[in-house]
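The values are calculated or read from the model by the stated rules, or taken from the named source; none is laboratory data. Treat the numbers as computed from the prediction; the structure is a model and nothing was measured. Heads up, the Cβs are rebuilt from the backbone with ideal geometry, glycines too, and the neighbour counts pull from every protein chain shown. The area values use the complete protein model at the heavy-atom level, side chains included, leaving out ligands, DNA and RNA. Shrake-Rupley method; radii C 1.70, N 1.55, O 1.52, S 1.80 Å.
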Amino acid sequence: MYSVALFGRRVIQRFSYFSSFSRFLCNQQSDADGNGNGFGRIEDYLNESWKSINYDNNMKDKSDIQESIDFIGINGCYEGHFQQNFSSRHNFIEKIRNEAGMILEILQRDGPGFDAKAALDDSHITVSSLLVREVLLGILKTVNNANKNRYAKLGYKFFVWSGQQENYRHTTNSYHLIMKIFAESEEFKAMWRLVDEMIEKGYPTTARTFNLLICTCGEAGLARKVVERFIKSKTFNYRPFRHSFNAILHSLLGVNQYRLIEWVYQQMLVEGHIPDILTYNILLCSKYRLGKLDQFHRLLDEMGRNGFSPDFHTFNILLHVLGKGDKPLAAVNLLNHMKEVGYEPSILHFTTLIDGLSRAGNLDACKYFFEEVIRQGCVPDVVCYTVMITGYVVAGELDKAQELFTDMIVNGQLPNVFTYNSMIRGLCMAEKFDEAFMMVKEMELRGCNPNFMVYSTLVSYLKHAGKLSKAHEVIRYMVDKGQYIHLVPKFKRYRRC
């Protein structure tokens, strides 16, 4: 890998090569997100690689570690049993779920003539972080517009009661869950009070805390207020980021707040912080998403002038741009250049490129690079297969999609929920609704639980085709499975029998 310190002007010339390289394609692409085709979830899935910036393994809340400890056993009491006997572990989990169910029933009865707090005291249930998690998740799953105020109060009543129990202290994750309940209930002030309480009691305010606030308050037009508060906060300094500005920028990228990223970056410069490669990668993403291609190129030039060489993620961004600009030859040159400077293209780089070319409608180039993956000794993973399958589905080439779907299973790659959703969509587009419904059942047999998007895809196509009774059958199937019952109202004109 080259460095500015060693190669000086030569490096800047090489880096300018990237800028002119991507400018060549971008001049012909006026809209950074031009080819909308209803398959944005696949792109979002890929783009997580940009947002992670190699920090995924380090970004887990300490409360997650505590959850794992609690899962093994409260205060170590169950540790030996879990390691030696699976049935004991299963029984323990069932016990927690049953107790959570009892608590939820008690909370439901709260009102005039019934004191839920006293009933909880009389239950003599031992409180643990796993139990608190189960109860709060149970409340979260049942919150809707009709009951949101009541459930926010019940959730907070349980949160306060459990926090007062002997030998138990809330985890950061517990705070985040009750914040999610308040978010669903649009209780913005209550969310802020919880943050104040966390700080007062010494809990870390992390990137996850920030995400919860920015997702909720951003929709309410309060995004800048959230950012300003975290910029000023002395307790928000989330590792492994060099400083809190990078953590904020990283979080804003995750929730697509691209314009706010620009504002935060300016505040960062005003306070004298120097951008690093992570900062630049986030800014490049936001500039591209906003369609500010001239600024995108200027940033590339600025990176080179400031001594930053493109890293794994910078190359991934450039390949995304080249793919969506339908520039396969330029992509070949960039992949070769990566090797020259010490970066061996990974399956992620190829997948990002294939996804972009697929969106540009160049399936021949997609096939070429997919075969190139194999020629170079890489193994296409489930994401790479899914992107190819999605490309064929979008192009109406269901037969090729089905052939590739079979190949991936033969080659040991198990389809995930995104793969199935693409296949189900393809079958629906071909009006093969019975096969699509069978695939929903098939994915369950393979241990892949359908998410709400899978059901929603099938139901929407059935309704569009005028097959309302079949659409209701799918919804009833989902309800009978006990899945996403709280989201049933999202299906218009559906009434439970």
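Tabulated results
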{"quantity": "Selection from the range 139-165 of residues that are of a type in the set (A, V, I, L, M, F, W, C) and in a helix (DSSP H, G or I)", "calculated": "ILE139, LEU140, ALA152, LEU154, PHE158, PHE159, VAL160, TRP161"}
{"quantity": "Residue, nearest to ILE409 (Cα to Cα), within the range 369-384, restricted to residues that are part of a helix (DSSP H, G or I) and in contact (Cβ under 8 Å) with a residue 24 or more places away in the chain", "calculated": "VAL382"}
{"quantity": "ASN333, sole failed condition from (1) closer than 28 Å to ARG259 by Cβ; (2) open to solvent by 30 Å² or more (accessible area, probe 1.4 Å)", "calculated": "(1)"}
{"quantity": "Residues located in the range 107-131, provided they are closer than 13 Å to TRP161 by Cα and either assigned to a loop (DSSP other than H, G, I, E, B) or open to solvent by 20 Å² or more (accessible area, probe 1.4 Å) (or both)", "calculated": "ASP115, LYS117, ALA118, ALA119, ASP121, ASP122, SER123, HIS124, ILE125, THR126, VAL127, SER128"}
{"quantity": "Of all residues making up the range 92-146, the number that are within 30 Å of the chain's Cα centre (by Cα), acidic (Asp, Glu) and at pLDDT below 90", "calculated": "1"}
{"quantity": "Subset tally (residues that are free of Cβ contacts under 8 Å to residues at least 60 places away in the same chain, more than 22 Å from PHE405 (Cβ to Cβ), open to solvent by less than 40 Å² (accessible area, probe 1.4 Å) and not aliphatic (A, V, I, L, M)) for the range 336-368", "calculated": "3"}
{"quantity": "All positions within the range 243-292 that are of a type in the set (S, T, N, Q) and either crowded, with 16+ Cβ neighbours inside 10 Å or under 19 Å from HIS320 (Cβ atoms) (or both)", "calculated": "SER244, ASN246, SER251, ASN256, GLN257, THR279, ASN281, SER286"}
{"quantity": "Residue match in the range 385-395 (condition: within 28 Å of TYR477 (Cα to Cα), β-branched (Val, Ile, Thr), within 24 Å of the chain's Cα centre (by Cα) and open to solvent by 40 Å² or more (accessible area, probe 1.4 Å))", "calculated": "yes"}
{"quantity": "Odd one out for LEU322 among (1) open to solvent by less than 20 Å² (accessible area, probe 1.4 Å); (2) of a type in the set (A, V, I, L, M); (3) free of Cβ contacts under 8 Å to residues at least 12 places away in the same chain", "calculated": "(3)"}
{"quantity": "Residue in the range 409-419 that is under 19 Å from the mean Cα position of the chain (by Cα), open to solvent by less than 50 Å² (accessible area, probe 1.4 Å) and in contact (Cβ under 8 Å) with a residue 40 or more places away in the chain present", "calculated": "yes"}
{"quantity": "Within the range 369-381, considering residues that are among the aliphatic types (A, V, I, L, M) and loosely packed, with under 15 Cβ neighbours inside 10 Å, the one farthest from LEU357 (Cα to Cα)", "calculated": "VAL379"}
{"quantity": "Wholly within the range 220-336, helices (runs of 4 or more DSSP H) carrying at least 2 residues that are hydrophobic (A, V, I, L, M, F, W, C) and modelled with pLDDT of 80 or more", "calculated": "244-254, 258-270, 277-289, 293-305, 312-324"}
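Every residue, every condition in (1) in contact with a Cys (Cβ under 9 Å, 6 or more places away or on another chain); (2) under 21 Å from GLN483 (Cβ atoms); (3) not acidic (Asp, Glu), yes or no:
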residue	(1), (2), (3)
LYS400	no, no, yes
ILE409	no, no, yes
LEU414	yes, yes, yes
ASN421	no, yes, yes
GLU431	no, no, no
PHE437	no, yes, yes
LEU445	no, yes, yes
THR457	yes, yes, yes
SER460	yes, yes, yes
